[in-house]
Amino acid sequence: SAVISQKPSRDICQRGTSLTIQCQVDSQVTMMFWYRQQPGQSLTLIATANQGSEATYESGFVIDKFPISRPNLTFSTLTVSNMSPEDSSIYLCSVGKLAGVNYEQYFGPGTRLTVT
Amino acid sequence: GDSVTQMEGPVTLSEEAFLTINCTYTATGYPSLFWYVQYPGEGLQLLLKATKADDKGSNKGFEATYRKETTSFHLEKGSVQVSDSAVYFCALRKYGGSQGNLIFGKGTKLSVKP
């Protein structure tokens, strides 16, 4: 299994500012991901955080808006830049681990962001 | 594109009632199907999964059967408890799809009253 912590757990931010969310895992993992859950919506993959190289972004998400760092195999950050009220969401860190032939995906508790 | 549709909540049941949360999917190929659960204040946890047609996933008294003919993966439990109160998410990953790219439904909130 994997235990994932995120900081902060929630924040209220003013538009135009930026917030960096941290994700820490209790073991080394190859795959780390960032998801967004907008109010009343399902979870959407933002990007895959690659260790030692640039993140891989999904359609509709760009590096300038959501820069991601992955300095090692247990830690990643997601920054939400130049925020607007539309960025109000829950942001979730997720990791993938192989257990034998099975691949399992684990999620952090999320960071609830409100932009005013 | 690929998508997951699950019944809207909230669902409110009395303890020991039978639970069904419907989930249908649209995908090409042969996706793997999942149910995740999110208890209050916690992260999503994998509840059960099925990787091919007619597979039944089960865990903690919950069951779901992969029905390719109806493209469904309904979640059931025979007797719910107050501790089952949570939000349940149905999800799929396409066979051969990139790891991490789970496609989720919108979630169904379940409240179980004593």
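The values are calculated or read from the model by the stated rules, or taken from the named source; none is laboratory data. Keep in mind it's a predicted model, so treat the numbers as computed, not measured. Here Cβ is always computed from backbone atoms with ideal geometry, including for glycine, and neighbour counts include all displayed protein chains.
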>> Of the residues B:41, B:1, only one is among the small types (Gly, Ala, Ser), at pLDDT below 95, surrounded by fewer than 15 Cβ atoms within 10 Å (Cβ to Cβ) and closer than 20 Å to residue A:108 by Cβ; which?
In response: B:41
>> What pairs come out if I take residues in the stretch B:78-93 that are within 17 Å of residue B:8 (Cα to Cα) and pair them with residues that are polar (S, T, N, Q) and surrounded by fewer than 20 Cβ atoms within 10 Å (Cβ to Cβ) whose C-beta lies under 7 Å away, six or more apart or interchain?
In response: B:85/B:111
>> Of everything in the stretch B:6-21, what is surrounded by fewer than 15 Cβ atoms within 10 Å (Cβ to Cβ) and assigned to a strand (DSSP E or B)? Give them in sequence order.
In response: B:12, B:14, B:20
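Do we find a residue being without any contact (Cβ under 8 Å) to a residue 40 or more places away in the chain and away from chain B (no Cβ under 14 Å) anywhere in the stretch A:6-17? Lay out the reasoning, then the answer.
In the first step, residues of the stretch A:6-17 are kept if they are without any contact (Cβ under 8 Å) to a residue 40 or more places away in the chain; the result is none.
Among the residues of the stretch A:6-17, not one is without any contact (Cβ under 8 Å) to a residue 40 or more places away in the chain and away from chain B (no Cβ under 14 Å), which makes the answer no.
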>> What are the pairs with Cβ atoms under 6 angstrom where one residue, in the stretch B:19-38, is farther than 25 Å from residue A:109 by Cβ and the other, located anywhere, is among the acidic types (Asp, Glu)? Sequence gap at least six, or different chains.
In response: B:20/B:76; B:27/B:2
> If we scan the stretch A:46-58, do we find a residue that is within 14 Å of chain B (Cβ to nearest Cβ) and surrounded by fewer than 13 Cβ atoms within 10 Å (Cβ to Cβ)?
Replying inline: no
> Where in the stretch B:22-114 are there strands (runs of 3 or more DSSP E), lying wholly inside it, with at least 2 residues that are of a type in the set (D, E, K, R) and within 15 Å of the chain's Cα centre (by Cα)?
Replying inline: B:75-77
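On the given criteria, is residue B:36 among the hydroxyl-bearing types (Ser, Thr, Tyr), within 13 Å of chain A (Cβ to nearest Cβ) and closer than 26 Å to residue A:25 by Cβ?
Details: among the hydroxyl-bearing types (Ser, Thr, Tyr): yes; within 13 Å of chain A (Cβ to nearest Cβ): yes; closer than 26 Å to residue A:25 by Cβ: yes.
Here the answer is yes, as residue B:36 does meet what is asked.
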